[in-house]
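Engineer: For reference, the structure I am asking about is given below.
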Amino acid sequence: MKRELFFLAIGKFAAGLLIVALLLFVPTWTLKYPQAWLLIAILFAPMFLAGFVMLAKNPELLKKRLNVKEQEAEQREVIVLSGAMFLAAFVLAGLSFRFGWLMLPMPVSIAAAVIFLAAYALYAEVLRENTYLSRTVEVQEDQRVIDTGLYGIVRHPMYGATVFLFLAMPLVLGSVLSFAVMLCYIPIIVKRIRNEEKVLEQGLPGYPAYEQKVKYRLIPFIW
């Protein structure tokens, strides 16, 4: 099983790396885009390391994270919207670098990279706390409600981490226009959360009580 999972993970990692590189470097028509190399490094190096850690310590979690086949029609719509957003944001970042459209200075990219890595660490902590997390919206066999740690503060800490991750990406790339596109992630993730909570309320025992206990979905005292 681990052998098959290893090759599946490596294949998806390589495909993701190739796609991101093409989206960034083809529009620039040059490899001399330092902010793009910075994003690739901070995005894929931790991902590679995390994959090996999960393969060694929790292969079931890795298997869940590699599954992207959504059963919910509304979630499939969310995936399409997210894909279109990333496509537009990365291509626009490359074009912005090529033609000098509202580019930010390198110190901003470095500061954004620090925020990105901090959000990555938060994401990793969420995965450590909740081994039921998959890439799809579903209720798993023997799943129970997690209400400790970050889950005692907000109901969806993983999505909170992704907000910081995704909004930091265009700043790492130095593109104001790309950042404007990535702001679309906020209504997209709100849509995903609302649908996910309906699924959990119907299928996960104890989740309605958890919603009463932890009032906020994403941001304490706000929403």
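Engineer: Looking at Ala180, Ala209, Ala161 in this structure, which one is at pLDDT 95 or above and either buried (at least 17 other Cβ atoms within 10 Å of the Cβ) or part of a helix (DSSP H, G or I) (or both)?
Structural biologist: Details: Ala209 fails: at pLDDT 95 or above; Ala161 fails: at pLDDT 95 or above.
Of Ala180, Ala209, Ala161, the one residue that is at pLDDT 95 or above and either buried (at least 17 other Cβ atoms within 10 Å of the Cβ) or part of a helix (DSSP H, G or I) (or both) is Ala180.
Engineer: Another one. When you check Glu201 against the structure, is it modelled with pLDDT under 90, part of a helix (DSSP H, G or I) and under 24 Å from Ala124 (Cβ atoms), yes or no?
Structural biologist: In short, no.
Engineer: Sticking with this structure for a sec: Could you grab me the full set of residues in region 83-99 that are over 16 Å from the mean Cα position of the chain (by Cα) and not β-branched (Val, Ile, Thr)?
Structural biologist: Keep residues of region 83-99 that are over 16 Å from the mean Cα position of the chain (by Cα), which gives 88, 91-99.
If the condition is that a residue be over 16 Å from the mean Cα position of the chain (by Cα) and not β-branched (Val, Ile, Thr), then Ala88, Leu92, Ala93, Gly94, Leu95, Ser96, Phe97, Arg98, Phe99 are the ones that fit.
Engineer: Moving on. All but one of (1) assigned to a loop (DSSP other than H, G, I, E, B); (2) within 19 Å of the chain's Cα centre (by Cα); (3) among the aromatic types (Phe, Trp, Tyr) hold for Tyr216; which doesn't?
Structural biologist: Among (1) assigned to a loop (DSSP other than H, G, I, E, B); (2) within 19 Å of the chain's Cα centre (by Cα); (3) among the aromatic types (Phe, Trp, Tyr), the lone unmet condition for Tyr216 is (2).
Engineer: Follow-up. Any idea which of (1) farther than 20 Å from Met85 by Cα; (2) in contact with a strand residue (DSSP E or B) (Cβ under 9 Å, 6 or more places away or on another chain) is the one Gly174 doesn't satisfy?
Structural biologist: Unmet condition: (1).
Engineer: Additional query: What are the residues in region 102-121 that are surrounded by fewer than 18 Cβ atoms within 10 Å (Cβ to Cβ) and either among the aliphatic types (A, V, I, L, M) or part of a helix (DSSP H, G or I) (or both), if any? First the steps, then the outcome.
Structural biologist: Step one: of region 102-121, the residues surrounded by fewer than 18 Cβ atoms within 10 Å (Cβ to Cβ) are 102, 105-108, 110-111, 114-115, 117-118, 121.
Leu102, Met106, Pro107, Val108, Ile110, Ala111, Val114, Ile115, Leu117, Ala118, Ala121 - these are the residues of region 102-121 that are surrounded by fewer than 18 Cβ atoms within 10 Å (Cβ to Cβ) and either among the aliphatic types (A, V, I, L, M) or part of a helix (DSSP H, G or I) (or both).
Engineer: If you don't mind, another one. When you check Ala50 against the structure, is it at pLDDT 75 or above, farther than 17 Å from Leu167 by Cα and either within 15 Å of the chain's Cα centre (by Cα) or part of a helix (DSSP H, G or I) (or both), yes or no? Talk me through it step by step, then tell me what you get.
Structural biologist: Numbers: at pLDDT 75 or above: yes; farther than 17 Å from Leu167 by Cα: yes; either within 15 Å of the chain's Cα centre (by Cα) or part of a helix (DSSP H, G or I) (or both): yes.
The answer is yes for Ala50.
The values are calculated or read from the model by the stated rules, or taken from the named source; none is laboratory data. Because the structure is predicted, anything quoted here is derived from the model rather than measured. Cβ coordinates were reconstructed from backbone atoms using ideal geometry, including for glycine residues, and neighbour counts include every protein chain displayed.
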